[in-house]
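In what follows, a single structure is set out as structure tokens and then discussed.
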Amino acid sequence: LSNNNNNNNNNTIVIAQKASQEDQAGNYEEAIQSYQHAVKYFLHILKREPQGKDGNQKIRDTCKQYLDRVEHLQEYLDNKEVITLHFILCGHYCLR
């Protein structure tokens, strides 16, 4: 059981690191997927392997940070698509 806990924790760390690397590299779609995947792993850890009051709160805080970042990145990508579409349709930035 302890080995399984370590595997889950290690997988979560690897996925979270990948999310951060993709985010920093500007690969926002990949970052979003990795952040969401990391949150799923963290929630699994909370459900199956409680970390104590402080540990659980730290995991919840991290999940909130990741989900907030996902929301921010998604808004950025959505706005980028709108601006690109306007540029294609108008031949220049014609936002009003």
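Just so it is clear, none of the values below were taken in a lab; they were calculated from the coordinates. Since the model is a prediction, treat every value here as computed from it, not as a measurement. We place every Cβ from the backbone using ideal geometry, glycine too, and count neighbours over all the protein chains shown.
Between ASP68 and LEU46, full extension at 0.36 nm per residue minus the direct alpha carbon distance yields a gain of 6.0 nm.
Here the spin labels are modelled as points 7 Å beyond Cα on the Cα-Cβ line, and at LYS80 and ASP54 they lie 3.9 nm apart.
Of the listed peptides 31-39, 47-55, 12-20, what is their order by residue-averaged count of other C-beta atoms within 10 Å, with the highest listed first?
Answer by packing, highest mean first, reads 31-39, 12-20, 47-55.
Our estimate of slack between ASP61 and VAL14, defined as 0.36 nm per intervening residue step minus the Cα-Cα distance, is 15.1 nm.
Evaluated at q = 0.23, 0.26 Å⁻¹, a Debye calculation over the C-alpha positions of segment 2-69 (equal weights, vacuum) places log10 I(q)/I(0) at -0.95, -1.12. Farthest toward the positive end of the dipole of segment 2-69, out of HIS44, GLY26, GLN65, is the Cα of HIS44, where the dipole comes from beta carbon charges about the Cα centre.
Which three semi-axes in whole Å describe the equivalent ellipsoid of segment 4-43, each the square root of 5 times a Cα gyration tensor eigenvalue, listed largest first? Working shown, then result.
Values: eigenvalues 80, 18, 4 Å².
Values for segment 4-43, descending: 20, 10, 5 Å.
Counting only the backbone N, which residues of segment 8-23 are under 16 Å from the spot 7 Å out from the Cα of GLN33 toward its beta-carbon? Of the residues in segment 8-23, 15-23 have backbone N under 16 Å from the label point off GLN33.
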